[in-house]
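The values are calculated or read from the model by the stated rules, or taken from the named source; none is laboratory data. Small disclaimer: the values here were computed from a predicted structure and weren't measured. Don't worry about glycine lacking a Cβ; one is built from the backbone with ideal geometry, like all the others, and counts go over all protein chains shown.
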Amino acid sequence: MKWKNTNKRFKKSDQEFVSCTQNLFAEQKYIMARNTQTNEAQVHNLVGTCRICSGLGSIDLLAVSNLLPNALFEKQKFAAITIRLGEPTCTVLLFTSGKMVLTGCKSLLDCILASKIVANLLRSGFPGIVFTLDVIKIQNIVGNAHVPIQSDEMLDLPRFYKDFNIFCTYQPNMFPGLIYRPTSLPIVLLIFFSGKVVITGAKNMSDVYTGWKSVLQLLNTYKLKKPSL
């Protein structure tokens, strides 16, 4: 693919702006709420997707890899180029179609900034080509939390499984954690005896916060004393 200058200028999509603004408001509401709460969930990875459209159609990944020193492209092993960003910390997979998968972000804002940085790098490296960003969507948010328990306490996972077995997967001989899929919440939780909890499946920050708040109240009723040695 030969890239030529088109002398066109980028124009921001109104659809992208509206979608991102709505999600950013939801994220800000979550952040404000967690500042007033104890035992809140912490987000440590966000996976987002978007599409960067080129004025020439498909994207020449080999040309991009030659442009960016922080990019890795092994065509024989994987169909995408891996771009690593330092600020915000993010790993971007860019495909020939223009699809981008962004991982490692801590928030939607980081995800948006990372996609903008990649687009601006391409505009700088190929100044005559039009690059536009499509709507950015969150595909999954992974967080962690902890049930506040005393040093001599633990969570009674067998009793929890007995009460909610139709919503749970629990095979202690194979894996010590219990997987809980509440039908009323858009999250999946991996719960351990120690009180540690991994939260996944959320599509926005408020899902993580409200979902954990609800489940925490339930888990607080399943504490028991550790058996004496």
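Laid out as a table, the results:
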| quantity | calculated |
| --- | --- |
| Residues (under 20 Å from residue 137 (Cα atoms) and assigned to a loop (DSSP other than H, G, I, E, B)) located in the range 171-214 | 185, 186, 187, 203, 204 |
| All positions within the range 98-138 that are in a helix (DSSP H, G or I) and surrounded by fewer than 18 Cβ atoms within 10 Å (Cβ to Cβ) | 109, 113, 116, 117, 120, 123, 124, 125 |
| Filter pass, residue 222 being more than 13 Å from residue 141 (Cβ to Cβ), free of Cβ contacts under 8 Å to residues at least 40 places away in the same chain, surrounded by 14 or more Cβ atoms within 10 Å (Cβ to Cβ) and not acidic (Asp, Glu) | no |
| Only listed residue being farther than 25 Å from residue 142 by Cα and either out of contact with any helix residue (DSSP H, G or I) (no Cβ under 7 Å at 6 or more places or on another chain) or modelled with pLDDT under 90 (or both), chosen from 114, 119, 80 | 119 |
| Residue list for the range 42-58, restricted to those being farther than 24 Å from residue 210 by Cβ, of a type in the set (A, V, I, L, M) and touching a Gly at 6+ places or on another chain (Cβ under 9 Å) | 52 |
| Of all residues in the range 160-218 being β-branched (Val, Ile, Thr) and loosely packed, with under 14 Cβ neighbours inside 10 Å, the one that is nearest to residue 147 (Cα to Cα) | 183 |
| Criterion (modelled with pLDDT under 95, assigned to a helix (DSSP H, G or I) and over 22 Å from the mean Cα position of the chain (by Cα)) met by exactly one of 217, 150 | 217 |
| Selected residue (criterion: farthest from residue 53 (Cα to Cα)) from residues of the range 76-97 that are surrounded by fewer than 19 Cβ atoms within 10 Å (Cβ to Cβ) and either touching a residue at least 40 places away in the same chain (Cβ under 8 Å) or among the β-branched types (Val, Ile, Thr) (or both) | 89 |
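Rundown of residues vs (1) more than 15 Å from residue 119 (Cα to Cα); (2) surrounded by fewer than 16 Cβ atoms within 10 Å (Cβ to Cβ), yes/no style:
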{"position": "41", "(1), (2)": "yes, no"}
{"position": "45", "(1), (2)": "yes, yes"}
{"position": "49", "(1), (2)": "no, no"}
{"position": "52", "(1), (2)": "no, no"}
{"position": "58", "(1), (2)": "no, yes"}
{"position": "61", "(1), (2)": "no, no"}
{"position": "67", "(1), (2)": "no, yes"}
{"position": "74", "(1), (2)": "yes, yes"}
